[in-house]
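The values are calculated or read from the model by the stated rules, or taken from the named source; none is laboratory data. The structure displayed is predicted, hence computed values, not measured ones. We place every Cβ from the backbone using ideal geometry, glycine too, and count neighbours over all the protein chains shown.
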Amino acid sequence: MENKIRVFSGNSNPGLAENICTHLGVPLGQAKVKTFSDGEIMVEIGENVRGRDIYVVQSTCAPSNNNLMELLIMIDALKRASAATITAVIPYYGYARQDRKVAPRTPITSKLVADLITTAGADRVVTVDLHAGQIQGFFNIPVDNLYAAPVILEKLRERFPHNNIVMVSPDAGGTERARAFAKRLGCTLAVIDKRRTGPNVAEVMHLIGDVKDKTAIILDDMIDTAGTLTQAAKALKEHGAKTIYACATHGVLSGPAIDRINDSDIETVLITDTVPLGEKAQKTAKIAVLGVAELLAEAIRRIHEDESVSSLFV
């Protein structure tokens with residue numbers, strides 16, 4: 001594998017890329033990513049990649065546009081260097097929430113991003129917990145949408161061996177996800193009915209299910225400004241929840257998120273390293289990070305060796 005496979009990284013996930021390489025037993029590819037004084041990005045591949053299978057690890061998280069351009073430029077550089085195949089490993093797919101027209105004269109930006117990645121020269125995409133599953137259909141190349149559930153479930157089983165827990169979906173849209181977790185943990189389910197009054201603004205309405213004197217675990221795919229999360233925690237506390245935890249795949253944690261989490265009744269927020277923590281998030285004791293490098297490394301290995309990846313979707 002070492003002679004044929006190469007893993008490269010942009011500036012958004014260098015730590016995750018190095019961990020993936022450790023699990024694969026291959027060195028991290030040599031690439032220089034420079035930004036000129038006018039803001040233009042230039043990528044220089046520092047080794048021969050002709051005929052190699054290349055995997056570019058890059059989350060398109062904040063700064064989203066810079067990281068997206070880095071990814072596109074790196075793919076183009078590798079294609080022009082005669083790489084055999086190029087797989088874009090995008091642990092966090094930015095612009096995923098703009099997956100449909102929610103108002104007249106608005107874009108479907110996640111489709112645009114899919115077109116850009118394909119046009120740049122990617123042959124395949126590997127990502128984790130897409131915000132909307134239909135984004136896979138925006139691509140005309142194979143897309144492997146992996147789930148971080150096994151990583152999170154393992155930690156939850158370790159931390160909560162008792163069954164006095166309840167999985168909580170912070171909105172109706174996440175009910176299916178929370179139900180799947182509740183089934184695997186053998187616990188009950190609750191749903192918070194929420195009405196969104198504007199972008200990044202949420203108002204909790206009422207709770208469906210019993211949380212009294214239980215350990216409530218709020219489950220979501222991502223935490224952005226943490227408005228939904230902290231209002232859900234407030235509602236759970238009002239309904240008698242004993243302790244409150246939260247878990248999510250993507251810790252975007254933008255704007256007032258950290259302050260809201262620190263000021264909330266939430267004991268701990270479990271997130272994965274698909275999005276690297278900012279300086280402020282690293283300092284709070286309420287956030288615990290789980291690694292997805294092993295999951296991504298196994299997917300890369302199976303793709304490279306033409307094995308089935310579907311078992312990783314469970």
| query | Within region 82-116, how many residues turn out to be of a type in the set (Gly, Ala, Ser), surrounded by 15 or more Cβ atoms within 10 Å (Cβ to Cβ) and either in a loop (DSSP other than H, G, I, E, B) or touching a residue at least 60 places away in the same chain (Cβ under 8 Å) (or both)? | reply | 3
| Pick from ALA246, ALA293: which is of a type in the set (A, V, I, L, M, F, W, C) and within 14 Å of the chain's Cα centre (by Cα)? | ALA293
| Can you name the residue in region 117-134 that is surrounded by fewer than 18 Cβ atoms within 10 Å (Cβ to Cβ) and among the polar types (S, T, N, Q) and, of all such residues, is farthest from ALA84 (Cα to Cα)? | GLN134
| request: Evaluate the following for ASP99: is it within 13 Å of the chain's Cα centre (by Cα), of a type outside the set (A, V, I, L, M) and over 26 Å from PRO27 (Cβ atoms)? | output: no
| query | Only one residue in VAL252, VAL292 is surrounded by 17 or more Cβ atoms within 10 Å (Cβ to Cβ), of a type outside the set (S, T, N, Q) and under 18 Å from VAL125 (Cα atoms), so which one is that? | reply | VAL292
| request: Please work out which one of (1) out of contact with any strand residue (DSSP E or B) (no Cβ under 8 Å at 6 or more places or on another chain); (2) in contact (Cβ under 8 Å) with a residue 12 or more places away in the chain is the condition LYS155 fails and give its number. | output: (1)
| said: Anything in region 286-314 that is more than 17 Å from ILE86 (Cα to Cα), modelled with pLDDT of 95 or more and hydrophobic (A, V, I, L, M, F, W, C)? List them, or say none. | reply: ILE287, ALA288, VAL289, LEU290, VAL292, ALA293, LEU295
| Of the criteria (1) of a type outside the set (Gly, Ala, Ser); (2) out of contact with any Pro (no Cβ under 6 Å at 6 or more places or on another chain); (3) farther than 15 Å from ALA148 by Cα, which one THR228 fails | (2)
| Residues that are polar (S, T, N, Q), surrounded by fewer than 24 Cβ atoms within 10 Å (Cβ to Cβ) and at pLDDT 95 or above, drawn from region 226-249 | THR243
| Can you find even one residue in region 305-313 that is part of a helix (DSSP H, G or I), closer than 23 Å to ASP129 by Cα, in contact (Cβ under 8 Å) with a residue 60 or more places away in the chain and out of contact with any Ser or Thr (no Cβ under 9 Å at 6 or more places or on another chain)? | yes
| remark: For region 1-58, the count of residues that are in a strand (DSSP E or B), of a type in the set (Val, Ile, Thr), out of contact with any Cys (no Cβ under 8 Å at 6 or more places or on another chain) and surrounded by 14 or more Cβ atoms within 10 Å (Cβ to Cβ) equals 8
